[in-house]
Structure formats: structure tokens, C-alpha cells
């Protein structure tokens, strides 16, 4: 069931503002979507390789330079399509669960 | 007291004790094993390294300067064991073409269709306007309908972009010089990072890899050229077949002939129209399906698309096999009509002729003949609507074994059996008439159309007793077949002259030779 959900969440986090990997991790952890941090890195790399994400290096005052992720145009349009499918899915599930409301 | 080492994680120096070092080293070794040696795997591991450096930095204070095993254990807990990291992501991504392949693929576009979305899909692939693609297709359709045919084939072959991922791939990055460069560089890096390359580099030289790149590029180019060749060849063949099938059919039906062979003759040859139609259709499919397969393979070589249509492939194979069976069985069935040759022979004594000289001439013939094929002519009886075939008989003269003038007519035909052959032979119509001392023979023998190809021959032999004379009218030359004579004079030179049967054979009769 979680297939694709994490990717969708990552793209959604990046929709309004660019973020460091650690920011994304914190958001996902808050939402209890991931348990271990390592999970995120393969996802980020593959989304980047798929052309949906891009990143730039930012120097950090305390530590090593950090990757600052952002959506590409393609990523934004992909996210748009995902939003659409997501809403359809929600609607469909709602219909199934509460048939009397319709 | 514990021994410490200095390590460098993402450019940051850490002091680490021996136990912690071993554990961290093992952790990275496991990660490496998981994510492999690819550029992507390396990038993931680098990112994890960065994060670990970050976390470690937070743990280091002035009071605690050395990384210990406890810290590493915490880090592994935060980051997750390699199998935990993997379990969530690897399988999902392996199946997802978006991330697997960023190159553009050929799909049909279901959101922008006139017929099947082939044109818009192609337009996405080439990065042009769908309208332009459609106009091109219509233009190509004007030439023998090629465009339409290719369209139908592509419609069947090219998969529809159904998932969002496929739609993205359809509109994916165009194939540009930059893309190709990047792909080659990535491939090159993969090769460079692999163990085999390292060995090669240590062992021999770097030229080998460059040569390998060139060879692979040339191979790709050759594959594309072969693909284009296959597509071109297939399209030309299809045009030829379509041209024959569609544009010549009206000729066959309205003018009744194709390449000099009349349709009724063709029909009769196949016994009935249904067999003919099945045979023609099967033959066309038999030729067309392999051509379509070649077209498909060619398109697949040139373009980059996946096929998911087993049904079409299997039904094509099925149709092809059925066509093959139909052609073979019709062929055997038709062929068996010609297996048994036989003949019918009739001999008559021409008692009516009492004169010393017999004159040979042709019966009048009032049918309107049209050339059909080879030496066979066709004519339709306007009253009954049936057609007949006409062929030339072979007329010969030999010495009689008795004192009678005899005429022998031998009809040779083929059939499924000896009996069948004799029936066909008996059905041949051929007549002669005798008037005074003149023998009139039919210039043609007549066969029913349904027996086309089954009638071999009709021989008329006149047996002339010794001492009798014979005069050949010039008109009979077309039916004369190699009349033997003592001086081996040709048929043509025998016409218009009187000949006499002598013990040794025919010789030209001259009045002075009688006196001798």
C-alpha cells in the first residue's frame, strides 16, 4: 500500500519550498511515514535521476555541505498529476466506505 | 585505554576508536553490497555518508572528542540497517519505469487522439506538433494508402500510454546531443567503475575502452540503419501487395482480366469463386504477415518502445498458419485434378471420299475469340452466358495400314483418376465434315471453361492409303503439326501443293512424275 506514497509525500513537501534532506526527513518522521532515515536517500537519488527533482549544494556553518532539493518543472507537473490521481483515489475510497452519503 | 584512528567522512575529520571504526566500516561495506557499484548507488551512499558526518558532528563536544561504538550504534539505528533501507524502496523502484529510464519512449497518446493517438504519440517522440504529424500521415496516405496502412499497423503495435509514468516517458526528455552525451558518459562511468575495467586498465591500456565505446556506437548506428532498411523494405512490399490487391481487383472484376488472364478463367481454374477468394486471401496474408513482422521489428529497432501485445502476435501467427494450411490444402486439392493423364481415341473410315485426291480445308468458325493465356483463347456464348476455351488441334498425315482413308481423333486430358481424365477428354468438342472430296476440319477444339488446364491435346491423324493424293489448302497451316514426308520439307512449304502417298511416305505430286 505504501508504494509511491513516500515519493508523493516528498514531492508534496518540496512543492512550496525547497528543503534539505534533513528537513524532509523530519517532516516524514513527524508524520510517522518513515522510521529509519536511510530510507529517504535512495528515494531522493532516484527521483532526481528521474528528472523530477534537482538539488544544489549549500555550505553549512556547522558541518559538511548539504544538498538543497527542489522540484523540477517536470516534477511539478508530475506532482500535479499525482494530486489528481490521489484525489480520485480518495474520492473512490470514500464512495466505497460511505455509500449512503452519495 | 583504547586505540583511536582518524577517519574522513565527507571531508570532515573524526577521531574514532577501534571498535567503532570496525562497526562503521562494516556498515558501509553492507550498504555498498546493497546498492551496488552503479553511479546511482554511489550517490546514495555518499548522501548517507554526508548525513552520518552531520550527526556525528553533533555528538562531538570538547569533552567527548572520540567517536565510540555507542555513537555508531545510534547512527545505525537512526539511518536503519541496510536491509531496512532497501526493503522500502528497491522493489518499488525496480518496477517503476519513470525512474528506471528517463529516455523518451514511443507510446500512443490517449489524451490527444483522432483515431488511435498514433500521430500525437509520434509527435511527442519527435518533439513536433501533432497536427503536422497528422498532415504528413494524410499526405503519405495519398500514395497508395501507405500512410493509412502503416497507421493501422502502428496502432496495433505501439502500446497506449496508460499510467502517469508512461505518459511522462512519452513526453520524456527529447533525444538530443546533450542527452546522448550524458548517457554515454554514464555508461562510460559505469564501465570505468566496474572491476573488469580496472583490471583492463591495470593490465593493458585505456585505448581499449575508447575503442569499445566507438564499436558500441557503430553497432547502435548499424542497428538503426538496419531498422530503417527493414521498415522501408516492408513498406515497399506492402505498397506492392496493396496495389495489386486493391487497385487491380476492380480491373479484374470490371474488365475481367489481369496480366492477360481472364477472371473467369482464373475462377474456373480454382473450381469455384469461393476457393479462389480463399486462396487469394490466404496468399496475401501469407506474404503480408511476415512483412508486417519485419516492419514491426524495424520500427522497434528504430524507436524505443515496449510492446505488451502478446495477443496480436499470437493471433497473427495463428492467421498465418491457417493461411498456410489453406494455401497448401487448396494447392494439393487443385494439383490432384491433374494427376492422372488419359486419352480417348475414335477412328472413322471416310467412305464418302472416292476421288483420287482428297482436299483438306478448315470448317468455318464464327466465334469471337479473345486471347486468354498462352495459346488458349476464350469466347463467351452470348445466348447461354457460358464461356468456352479454344485451342488449336494438331493435324498430321500418315500412311494407312489398309486401303481405307481413315481419320483418327485422339483427345488427351488429365483428371483426378483415369476415369475422370477420360470424361474430361470426351467432353472436348471437335468436328469435321466431308463434302465431295473435301475434308473440312474444325480450326479449334472447344473445351468447357471448368476444365481449364486439364485438356492436354487434340490430335487429328489422317491415314492415307498408298497411291492416294492429298492437297493442303493454305488455310490449314495453323493446325498442321509436322507432317512427315520423304524429303523433309517443312509444313509451310507443303501448303498449296498436291502430295501423293508412296510406300516410303509422302512425296510431292507433279503431273510429269506420273508419266514416268
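The values are calculated or read from the model by the stated rules, or taken from the named source; none is laboratory data. The shown structure was predicted, so the numbers you read here are calculated from the model rather than taken from an experiment. Cβ placement follows ideal geometry from the backbone for every residue including glycine, while neighbour counts extend to all protein chains displayed.
Test residue B:343 against the criterion of being free of Cβ contacts under 8 Å to residues at least 24 places away in the same chain and in contact with a strand residue (DSSP E or B) (Cβ under 8 Å, 6 or more places away or on another chain), and give yes or no. No.
Among the residues of segment B:1-26, the ones that are in contact with a helix residue (DSSP H, G or I) (Cβ under 6 Å, 6 or more places away or on another chain) and either more than 22 Å from residue B:59 (Cβ to Cβ) or not in a strand (DSSP E or B) (or both) come to 6 in all.
Selection of segment B:443-480 for residues being closer than 20 Å to residue B:425 by Cα and outside any strand (DSSP E or B) yields B:443, B:444, B:449, B:450, B:451, B:452, B:453, B:454, B:479.
When B:48, B:60 are checked against the criterion of being modelled with pLDDT under 85 and within 14 Å of chain A (Cβ to nearest Cβ), B:60 stands alone in meeting it.
If you go through segment A:49-65 and keep only what is more than 7 Å from chain B (Cβ to nearest Cβ) and surrounded by 20 or more Cβ atoms within 10 Å (Cβ to Cβ), you end up with A:52, A:53. Condition test on residue A:13, is it out of contact with any helix residue (DSSP H, G or I) (no Cβ under 9 Å at 6 or more places or on another chain), farther than 20 Å from residue B:85 by Cα, away from chain B (no Cβ under 12 Å) and modelled with pLDDT of 85 or more? Judged against the criteria, residue A:13 is not a match. When B:136, B:149 are checked against the criterion of being modelled with pLDDT of 80 or more and assigned to a helix (DSSP H, G or I), a single residue qualifies: B:136. Mind checking whether some residue in segment B:7-23 is under 30 Å from residue A:49 (Cα atoms), surrounded by fewer than 14 Cβ atoms within 10 Å (Cβ to Cβ), more than 9 Å from every other protein chain (Cβ to nearest Cβ) and under 60 Å from the mean Cα position of the chain (by Cα)? No, the conditions are met nowhere in segment B:7-23. When A:83, A:23, A:18, A:73 are checked against the criterion of being more than 7 Å from chain B (Cβ to nearest Cβ), within 22 Å of residue B:52 (Cβ to Cβ) and at pLDDT 85 or above, a single residue qualifies: A:23. In segment A:27-43, the residue that is surrounded by the most Cβ atoms within 10 Å (Cβ to Cβ) out of those that are more than 7 Å from every other protein chain (Cβ to nearest Cβ), within 12 Å of the chain's Cα centre (by Cα) and part of a helix (DSSP H, G or I) is A:40.
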